[in-house]
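Have a look at the structure below, then the notes.
Values in this text are rule-based calculations from the coordinates and carry no lab data. Computed from a predicted structure; not experimentally measured. Every residue, glycine among them, receives a Cβ derived from its backbone with ideal geometry; neighbour counts consider all protein chains shown.
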Amino acid sequence: MTWNELISATFLLFGVLFILIANLGILIMPDVICRAHSLSKAVTLGILLMLIGLWIYLGSEDVGFKILLTILFQFITIPISSHLFIFYISHQLKKQKKEKTTVMR
């Protein structure tokens, strides 16, 4: 096993561990907003580490550029989609809370 493969395997292993931690966060966190937050942060870092490991393993400049674009795309889309999901959920919770207060009066 070469150093290149060893470093690549290390990055892949840590990426998988972060995604596993994100899945455990879904089970442990108390509400939807906390779950979405923990999931988006850990999955972003896990995918980043896995893609860096793939980049080190393949080592090609052409593939490296494509992986760099994929990393950039993941950094843009995962946090934005998580933010939109939390925004939607918070509005639904406010709407339900408002309906409960109007029914009680």
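Worth a mention:
- 3J(HN,Hα) from dihedral phi, the range 15-22, Karplus parametrisation 6.51/-1.76/1.60, rounded to Hz, x for glycine, proline: x, 5, 5, 5, 5, 5, 4, 5
- Counted over all Cα-Cα pairs of the chain, pairs farther apart than 17 Å make up 63 percent.
- Taking 0.36 nm per residue of separation and subtracting the current Cα-Cα distance, fully stretching the chain between Lys94 and Val32 would add 20.9 nm.
- Length released on extending from Leu68 to Glu5, taking residue separation times 0.36 nm less the Cα-Cα span: 20.8 nm
- Phi angles of the range 33-48 translate, via the Karplus equation with coefficients 6.51, -1.76, 1.60 and θ = phi - 60°, into HN-Hα couplings of 5, 5, 5, 5, 5, 5, 5, 5, 5, 6, 5, 4, 5, x, 5, 4 Hz per residue; Gly and Pro are given as x.
- Relative contact order of the range 2-52, pairs being alpha-carbon contacts under 8 Å that are 6 or more residues apart, as %: 51 percent
- On full extension, the segment bounded by Phe75 and Tyr57 gains 4.3 nm, given 0.36 nm per residue less the C-alpha separation.
- For the range 1-52 and the range 63-92, distance of Cα centres in Å: 15 Å
- Considering only Ile67, Ile47, Ile19, the Gaussian network model of the chain with Cα springs below 10 Å gives its largest mean-square fluctuation to Ile67.
- Principal-axis analysis of the Cα atoms of the chain puts helix 61-104 at an angle of about 10° to the longest axis.
- Cut-off 15 Å between beta-carbons: net charge of the residues surrounding Asp31, Lys and Arg +1, Asp and Glu -1: +3
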